Ligand SMILES: [Zn+2]
């Protein structure tokens, strides 16, 4: 992850161009909070913002999960990119040409492999798109799309394509091109036959390329045109395609979602296109799977409110119910609009227009109210019914565990609706929990949580913290602190690691300020410690008050030296006792003289506190 020395100029150029507030602001809604900007963390679920961006230092830190770093680490983490990819991504965005660079072999290898998959996907998307637009054999597909009011402009905007029937359209194209067949297979476009050779995965399907937020094609969704199964087919998981973190339409619609602060989730790609055809452009769709927590978290960065617009059948109800724990775990606002039984989003907007649909959405029920009503209808309010309702509410309570406040509000809401005492309800959850102990809670099965940084790992005592914090802000004193023996005090833990990072930052960049340290520390407790410090530290700005910093440094250096002498004196005292026992008088004399010397020396030093 760490850039090598020769990259530093470019890294710096990119960091100068890519203002962290702009880059983060694209996916997190930021508000000013003093010198910092504040927003909901995109890396963990929360309702109250604890994610801070410091525009002056160009760093970020989350006080909730401890994630922190600079603009490059943000891009890597948010878009799931390697370091070279993040660098390229920002370079492209800010029109900076990068010369050839060297990265670690593993990083380079992974980035190249992913790059090849992006290229195959890109070219396949273009081929399929061309085919749909112009080929005679795509007449039926064009007719089908026109029948759904999908205009040629929309076909271009979404780069829709058509994969013709037959087993070898793409195979032939790829064979004649410079693309290795193995790359097309790794991208999920070709399937290897048991007896050797390949065939096309997508046949006789309208194709929806899935764009990630950086604008690259990561995979496809395909709907069959004629008869055949399955009706919908997606790219399988690949090195660049992870369905659980992609939303169809988010790339095209994110600006509208950000402007309206509202996102509408529909179940299918065609639902989305139908609504877009009628001017509803704040719509996204999960890729044929249940909504995941990561998807909710992504949307939360753009929208204050998310509305689920599902069919009114049993499947729609089930999908809405399944999404409840995701929203609770993310503490995101959501409402549910189930369509009348005769309608799907397409037919509804045809019948009632955009305004009609918006009116319908405005009356959508808050998610929890919807869930409760649904359970009440299903089980009734007899004592047995209430027991069953409680049982089904349990995953919701579990999912809201990240916020005790939210959890107690939930319990009191449910209690009131059930006409039960909150204490009784709580007890119900506890006793009902007994027989199911062998099951993992539903929330943890359904919720693919990101690995959280353990921000508690950095444990420094007060003096260690004081020294390292000073050095982080004033690395120009590092040399002198090292001479005075700071390494001994920091030990081998996090303090030592930060110290090593500082050394590295200075070695690789003469002008190494605290922000440069972010580049040399990998994601983890140390970086979290530093990013938190940069957001919240009361230290003076680096270029201010040289005299004061010099004085602070002097004091700490004196302390360091005294500390080392005292340690040595302690050791001498132990050695003296041993020498006495061994009756080694020569050694004893030597030790006593040295101890007296040190004591005198300490006595002559002024200042420095004694801790
Ligand atoms: Zn966080």
> Under the classification rounded if a/c is under 1.5, otherwise prolate if a/b is larger than b/c and oblate if not, where does segment 66-105 fall, given a ≥ b ≥ c as square roots of the Cα gyration tensor eigenvalues?
Replying inline: oblate
> When the helix-only estimate is applied to the chain (DSSP H runs of n ≥ 4, each -39,500 (n - 2.57), divided by the residue count), what is the mean residue ellipticity at 222 nm, nearest 500 deg cm²/dmol?
Replying inline: -17000 deg cm²/dmol
> Where does helix 105-134 land angle-wise versus the long Cα axis of the chain, in degrees 0 to 90, nearest 10?
Replying inline: 20
> Over the Cα atoms of segment 462-604, how large are the radius of gyration and the largest Cα-Cα distance (Dmax), in Å?
Replying inline: 19.0, 59
> By how many nm would the segment from residue 137 to residue 98 lengthen if fully extended, with 0.36 nm per residue of separation less the alpha-carbon distance?
Replying inline: 9.7 nm
>> Using C-alpha positions alone, give me the convex hull volume of segment 544-598 per residue in cubic angstrom.
In response: 52
>> Please report the spacing between the Cα centers of segment 311-368 and segment 144-184 in Å, no decimals.
In response: 32
> What is the extension gain from residue 355 to residue 597, computed as 0.36 nm multiplied by their sequence separation minus the C-alpha to C-alpha distance, in nm to one decimal?
Replying inline: 78.2 nm
>> Nearest 5 percent is fine: what portion of the DSSP beta bridges confined to the chain is antiparallel?
In response: 75
> Remind me, what semi-axes does segment 159-291 give for its equivalent ellipsoid, largest first in whole Å, using sqrt of 5 times each Cα gyration tensor eigenvalue?
Replying inline: 29, 16, 12
> Efficiency by 1/(1 + (r/R0)^6): what FRET value for residue 79 and residue 550, r their Cβ-Cβ distance, R0 = 56 Å, to the nearest 0.05?
Replying inline: 0.85
> If you take the C-alpha gyration tensor of segment 101-157, multiply each eigenvalue by 5 and take the square root, what semi-axes do you get, largest first, in whole Å?
Replying inline: 37, 11, 7
> In nm, to one decimal, how far is the residue 427 label point from the residue 605 one, both placed 7 Å along Cα→Cβ?
Replying inline: 6.5
>> Quick check for you: which residues of segment 270-288 have the amide N under 12 Å from the point 7 Å beyond the Cα of residue 259 toward its beta carbon?
In response: 280-282
> Looking at the chain from every direction and averaging, what is the projected area of its Cα convex hull in nm²?
Replying inline: 39.0
> Is the shape of segment 179-220 best called rounded, prolate or oblate, per the rule: a/c under 1.5 gives rounded, else a/b larger than b/c gives prolate, else oblate, with a ≥ b ≥ c the square roots of the Cα gyration tensor eigenvalues?
Replying inline: oblate
> What is the extension gain from residue 383 to residue 564, computed as 0.36 nm multiplied by their sequence separation minus the C-alpha to C-alpha distance, in nm to one decimal?
Replying inline: 57.9 nm
> For the Cα atoms of the chain, what angle does the longest principal axis make with the long axis of helix 345-362, in degrees from 0 to 90, nearest 10?
Replying inline: 50
> For residue 168 and residue 409, FRET efficiency with R0 = 56 Å and r from the beta-carbon atoms, rounded to 0.05?
Replying inline: 0.45
> Computed FRET efficiency, Cβ-Cβ of residue 289 and residue 175, R0 41 Å: what is it to the nearest 0.05?
Replying inline: 0.80
>> Give me the one-decimal nm value for the distance between modelled label points at residue 146 and residue 106, 7 Å along each residue's Cα-to-Cβ direction.
In response: 5.5
>> Give me the one-decimal nm value for the distance between modelled label points at residue 492 and residue 224, 7 Å along each residue's Cα-to-Cβ direction.
In response: 6.1
> Extent of segment 216-372 along each principal axis, from alpha carbon coordinates, in Å, largest to smallest?
Replying inline: 39, 36, 30
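Since every read-out is calculated from the coordinates, none of them should be taken as a lab result. On a predicted model such as this, the values are computed, not experimentally measured, just so you know. Here the Cβ is made from the backbone with ideal geometry for all residues, glycine too, and neighbour counts use every protein chain on show.
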